[in-house]
Every structure is written in structure tokens, then in C-alpha cells.
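One structure is given here, and the rest of the page talks about it.
Read-outs: derived from the displayed coordinates by stated rules, not from any lab. Predicted, not measured: the structure shown is a model, and the values here were computed from it. Heads up, the Cβs are rebuilt from the backbone with ideal geometry, glycines too, and the neighbour counts pull from every protein chain shown.
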Amino acid sequence: MKLNELVTKTIDLRTGTAGEKRREIREYFLKTWAIDEQLYTQLRTDDVFYHRGDPLRHILLFYLGHTAVFYINKFFLAGMIDLRINPSFESIFAIGVDEMSWDDLDNNHYNWPPVSDVRAYRDKAKEVILKVIDEAPLVLPIDWESPFWIVMMGIEHERIHLETSSVLIRQLPLDEVVAGRFGEICTDRGEAPAENPLVDVAGSGLKLGKPAGHPYYGWDNEYGALEVKLADFKASQMLVSNREFLAFVEAGGYDNPAYWTEEGWNWNSFRKLGMPLFWRNDAGGYRLRLVAEEIEMPWSWPVEVNYLEAKAFCNWKSEQTGKVFRLPTEAEWYRMAGLSLTDDQPVWDTAPGNINLEHFASPCPVNRFRQGDFYDVTGNVWQWTETPITGYPGFKVHPMYDDFSTPTFDGKHNLIKGGSWISTGNEATCHARYAFRRHFYQHAGFRMVQSDVPLEIHTDAYETDTEVAISCENQWQPLVPAPVEPGAQLSLSGLPANVLPSETVKPRKGLPVSNFHADLARLIIAEYGHELGSMSVLDLNADTGRLAFELAPYVKELLAIDFSARFIRMPIQLQERGFMRYIVTDENELVFYREVVLADTGLGKGRERIRFMQDNANNLKPLYTGYDLVILPNVLEELVDPVKFLREIHTRLNPGGRLVIASDYDWSGVGTQAGILPPPGNERQQLLPGGFKKDGEPVTSLEGITALLSDWFDSGRTPVELLRYERLSSRKTLVRLCEVTMWRKKSEQ
């Protein structure tokens, strides 16, 4: 199919019949899949799949596999399919890169398969996805709880990668791509308008946020409600063109630190570009790099830059004019959109701008598409804003993709608004909220705002995610004294000999004092002593990081893995910035504001030995091997199949390596995913180490674990029981008693 035959619009998920909706979603998926595959036809040979467009991103092969793997992993997580297609692929192609410190960009960690194998995997995945679409129960309206919300999640995720992958292809050497295979580029390349006048915009009260029950698919960060009061402002009628930006380049803007933020100047000094990334300049004059070709500079097209360059231009413009110029805020963009656009994507007859692949496969002149008093409020290229992304009040994560948004709520990712020529699906709707690091490139430019009103930037300095905050509270409050030296005697405070509590600290009124992760660390330190100094350690349930920080002073190196970036970004803040903040709900509307300062805990020593990573313990990459100590702190209970996991855990350890298991043996979640009912009867029993009767006799969890490990491990010391208090509020605490067992891998088999 030609690209223009694949144009679609995101789907109304609330009206019509179930049969109509199933057919609609099927077509939407197939066209999305076809556009994704057509995008990669621009690579000259399959060898190019192993190249990086951007050194901060994966090789291109990752993205070919990633969009297919995403469906399968989410379907499996949601219990919509029972079997994986290829567990290895569904591990190595699972997690993308946004330059987070927990992302894995080391190419040596991946045994990248042949392109033909990835294409074969895509074919199998396509069959599975279509089977789900054809057979999964469909009841209207489709909402967060529906299996078809997960289907739409996969489709809209794939559409995001149409855009991000096209930017990576655009950064490849020109001789590695082929032009003309992905739509028609704009041929209107005349001179830019002589002026870019400012348009007066009256201030107004706005309510931002997609309401619950909205008919179109939305990512979690779109929901909630934020009321904003805007003052009057002026905004440039058009996006800043290449010609307009040239004046900044020729004025030495890239050489003058006065125009740049500190972050921007550091980036500019490092990259030494001297002009926008996609510009070329030689004896023949300026040219522009598009996705798969270079053309003579179209001065009338919008300049494409990152936030840092856009901000520097505004600062230069302020100096030139004596007025205060900046980028729009998110709310100001919505105000302009409300005055300029009448229809959202799913109901327009023809796109009102260069968006949704309905007009060109490239940008076009900044004065081509008029929308009210402005041009390109939506479409052509994305527009950088001054607003770092965060959740609106009432924000909630979706359990099937709990780290779509929250890792970007760090004050380092700014929102882009309006969409580009290749923005489709959810990206082309008015509620779309996407954000990138300020030095990243997308098909993004900017328009200017002139206002004398001081800019107010709202960021959530305190973590508000309830689950993450509860974890922080229980791991980091109350703070216990600094770790003990190896071999030190541990106080048992008069409790039973097989129960190990924390050192005594002053308790809050009515609450017991215990810190499970501190206790577990102290037990490991006491058991292994100075051996730890030569050990490479794997913590397979990092959570918010307390165990890793407790052990760091004593180990050679420690890798702490957690399934969710929501959690591990908190210890990373501790590691990198030395503090973290969060809000804990207490009684109804009452909350506590907490701050943990690493220096005050006595746990900062050795933190450089810790590496936090996001990965899935249910399907770990093969690279996680060769450890001297593997710790499983309450992770068995969270696995889909703990029996399978225990049978394979020996492959992660060196001969003579140690294994520490802590568990309360609560198997109620085993075999379930996101509330899906577990397999019935004997089928589910096969997933459990114990806690059932076999041949009429009881099998305890410890007996079952021992049987599963016995071929590879010798048991160590007598099991120890640790108290684990989970404080939910000042008057509500869940108490668990966890059994800790220690094992040594046999040296010979």
C-alpha cells in the first residue's frame, strides 16, 4: 500500500457496536503495522539495522523488534495470552532507552539476532495479536479495565515509534538510507515570510486534563485536572522558520554563553554544532537533512532544534528587542489551540495542518496552514514548551504500563505540543502529552511568546505515587544507625532467638520499630563477613533501594534490579542527588511530607558500587550471570512461575556462589497478572513451591524450595525469621513474618 492509503484516525472507544469496534481496531492495527514496516524500507541494507542513529539510543534493530515485543509482553502481563513466543526476544527487545541511568545501552550486553529472525518473530507476533483482536471479549465502552485497552496501548505505542524511529533514521549517514520510499515530501520551498508578527492572546482561566470516560485512548499522564489562570500574552503567528533562526546563527549565537542556560551551554560546548543538527553548510550553501535525503535549504520551513537551542534563540531575541521572549507554557499552547482549532483528529474531514501523514512526509512552509489567527498550532513540527512534564492532580498510573510517564517526572523532560507531520493516532489529538529531555531531538521546533509576567514552572518536587511513597516510607523510615561491621554481634532485643530486629531507635507513638531491609542486610553481613568484599551481588527486587545502600560498603559491586522504573528512580535520586522527597497519605486528606537525605542515614558509603536497572525477574536477560551472591527479597511471591524461576536460578551464580531467599510464602498473587484470576486447581499448584498437599501429605514452602534447589545447592544456616512491617498510615500497619534461607551453590555437578 502507498502511505496515503494507510492514513487512519484514533478510535472512538465508547460508541457503536462491539462487532463494528472489533473490525475498526483490527484495521487500525493492520495499518499501524504496515506503516511501521514501511518506515524501515528506507534503510539501504539490513546491515544498517545494527547501526545507531543516535549514540544515546539503541541500534535500529531494537526498535524493529520492540514494537512487536511490546504487544506480547503486555498481553502476557495482562493474562490475555498464556505463552510467550520467544522469551529471549521478549527480554532483549523489552526496554527502550531515554538516557535514564537504569537503561542499558551497552551493546556488549546484547546478542543481537539476525534481522531475518526478528522479521520472523514479527510475523508470529502479528498472528497472536490478530487472534487476540478477533477472540478477546469486547464490551463497550472500552476503558482501562478492558483487554482492548491493552490492544490500543500496543497500537498507540507502535505509532509513537513511527516518529521516534524516523528521527533516528534521520541521523544515519546519508549513504545508509534510500529516499522516496516513505511518502512524498513537500516541494514548496520558497523564501520565508518577511515578518513573523506577534498575535495578542487574551488571558483566561483553563482547566487542563482529559476527563475520565473520554472516548479516545489516552496515556496516563493525560488524565486528571489542573486549573490554570493565564494572563494576557503575545505569541508569534508562525513557527520560527529556518530563515528566522539563521539570524541567530550568523550573529554568533552558538558562541555566546550569555544566551544559553547553564544546562544549554554545557550541552552546546560538548556538541560544538554551531547550527541546528539537521542543517548542512559547505561551499554550495546551506542544505537540510530530511529523514532519507538532503535538499537545498527550505528557508520557509520551520527550524528543527532542541529545547536548549530554542531557549537560547528566545534569550537572544530578548536582547535584540528589549522585550521578554520565551517559549509557550503548556497552558498557553492550549489557549492558542482553543482559539484556533474547532475539531479534534478523529472527527476532522481533512487534517487542518501538516499532521497525521495526511499532507506530506516532511515539514512544509510555516505559512502554509492557517488555523484561526495562527499557523501550525497543530502540525508541521512539534513545539517545545517551557513546561516540564508532571502528572495533573488526580494522576494515576495504568498497571499495565506503570512506567510510561513517571520516569519523566524529574524536571528534566519538557513537554512538546501540537504534533508533527508524522504524528498519528493519539499523538495527533489535542490531549496528547509527550515530553523529552531538553537536549534530545525530535521533529520539533518552536514559536515564541512575549510576556512580562514572570514565568511560573510547576514541578512535583515530592513523589506523589502512593505505592512508591509507601515503599519509601517503609524502607527509609524510621532510619536506623549506620551498618555494622562484618562479624559484629547483633542485638536481639529480647525477642525469640530466630527473630532478628533492627537496632533500637526511638519509635513513633504506637508503632513497632523494625526495618526489614536493614535487618536482611545485617543478617547477610553477619553471615558472610569479609567475603562480601570480593562478591559481585545481584539484588532481584530493588524496590526503593534500601537493601542495596545497606550492602554497598561491603561488596565489590552490586546490581539492583526492579521491574518498575517508578520505584528505582527513587534510589537513583538518592544516589545521584543525595536526597529524595515523597508524600505519604495519613488520615483521609492529611499527609506527611518526607525528605530522606542520604548523608543523614549513614548509608552513602560505597554508593558508586551500585547500579540500578529496570528489568523483569520473570524473564531476565541471559547477561545477568556470573554472580557470587544473588538475593531474592520477597520476589518469589511476585513471580508468575516461582517454580520455573527456582529451577533456573543456579544459572545466574558462579560455582560456590551464595543464594539468599526471603519470603513470607504468600502465594496468592502467583500465576496472576493485574487482577486476572490465576489458573485453577492443579494447574496453579504446579507454579508453587509448596503450601499444598501432595498425595494427601502437606508440603511446606520451605520443603518445596529445598527440593527444587537440592540438585544445585547445599542449604546453609538454620532459617531466620524477620519481621516485615508495612506501614500504610499512622494507624494502619501490615505485619508479615518472612523466612530467610541461605544456600551455597555446589562447586561441582
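3J(HN,Hα) couplings calculated from phi for region 627-641 with the Karplus curve 6.51 cos²θ - 1.76 cosθ + 1.60 (θ = phi - 60°) are, in sequence order, 9, 8, 8, 10, 10, 10, x, 6, 9, 4, 5, 9, 8, 5, 9 Hz; Gly and Pro show x. Contact order, relative form, for the chain: 12 percent (alpha carbon pairs under 8 Å, 6 or more residues apart, mean separation divided by residue count). From the largest down, the chain spans 84, 54, 52 angstrom on the principal axes of its Cα atoms.
Dividing the helix sum by the residues of the chain, where each DSSP H run of 4 or more adds -39500 (n - 2.57), gives a mean residue ellipticity at 222 nm of -8500 deg cm²/dmol. Scanning the chain for GluC sites (Glu not before Pro) in DSSP loops with at most 14 other Cβ atoms within 10 Å, what's the longest stretch left with none? Result, exposed sites excluded: 196-455.
Taken along its three principal axes, the alpha carbon spread of region 321-416 comes to 43, 40, 25 Å, from the longest extent down to the shortest.
The charge dipole of region 3-176, taken about its Cα centre with unit charges on the Cβ of Lys, Arg, Asp and Glu (plus for the first two, minus for the last two), comes to roughly 420 debye. Beta bridges from DSSP with both residues in region 569-676: antiparallel share about 55 percent, rounded to the nearest 5.
Here the spin labels are modelled as points 7 Å beyond Cα on the Cα-Cβ line, and at S88 and S318 they lie 5.5 nm apart.
Pairs of Cα atoms nearer than 8 Å and 6+ residues apart set the relative contact order; for region 3-176 it is 34 percent.
Only aspartates and glutamates eight or more places from K126 in sequence, or on another chain, were considered; those with a Cα closer than 17 Å are E24, E27, D36, E37, D82, E90, D117, D134, E135, E156, E158. Once the gyration tensor of the Cα atoms in region 187-240 is diagonalised, the equivalent ellipsoid follows with semi-axes of 33, 20, 7 Å, ordered largest first. Axis of helix 18-39 versus longest Cα principal axis of the chain: the two differ by about 80°, to the nearest ten degrees.
Cβ screening of the chain for cysteine pairs under 4.7 Å finds these without a partner: C314, C430, C472, C738. A cut-off of 5 Å between modelled amide H atoms, ignoring neighbours fewer than 5 places along the same chain, links D376 with F369, Q371. Taking every Cα-Cα distance in region 3-176 and sorting them into 10 Å bins from zero, the calculated P(r) comes out as 9, 37, 35, 16, 3, 0 percent. Considering only A617, L646, W301, the residue lying farthest towards the positive end of the dipole of the chain is L646, judged by Cα position with unit charges set on Cβ.
Look at the dipole of the chain built from charges on Cβ: of G203, L688, W316, the Cα furthest out on the positive end belongs to L688. Counting only alpha carbon atoms, the long axis of helix 516-528 and the longest principal axis of the chain meet at about 60°. For the cross-link pairs K74/K124; K74/K417; K207/K396; K74/K131; K207/K323, the ones whose C-alpha atoms lie over 25 Å apart are K74/K417; K207/K323.
Nearest 10 degrees is fine. How inclined is helix 565-577 to the longest principal axis of the chain, computing both from alpha carbons? The helix 565-577 is inclined about 90 degrees to the chain.
Only Lys, Arg, Asp and Glu carry charge here, each on its Cβ (+1 for the first two, -1 for the last two); on that basis region 336-433 has a dipole of about 160 debye about its Cα centre. Taking the charge dipole of the chain about its Cα centre, with +1 at Lys and Arg Cβ atoms and -1 at Asp and Glu Cβ atoms, the residue from V537, G264, L39 reaching farthest to the positive side is V537. Computed extension gain for E726 through D282, at 0.36 nm per residue and net of the alpha carbon distance, reaches 153.4 nm. At full extension, D666 and E467 could sit 69.7 nm farther apart than now, given 0.36 nm per residue minus the alpha carbon distance. Of all DSSP beta bridges confined to the chain, the antiparallel ones make up roughly 70%. Taking label points 7 Å from Cα along the Cα-to-Cβ direction, D200 and N4 give a separation of 4.2 nm.
Computing FRET efficiency as 1/(1 + (r/R0)^6) for T585 and V139, where r is the C-beta to C-beta distance and R0 is 35 Å, gives about 0.60. Determine the shape class of region 537-630: with a ≥ b ≥ c the square roots of the Cα gyration tensor eigenvalues, call it rounded for a/c under 1.5, and otherwise prolate if a/b is greater than b/c, oblate otherwise. Verdict is oblate for region 537-630. Relative to the Cα centre, the charge distribution of the chain, modelled as +1 at Lys and Arg Cβ and -1 at Asp and Glu Cβ, gives a dipole magnitude of about 440 debye.
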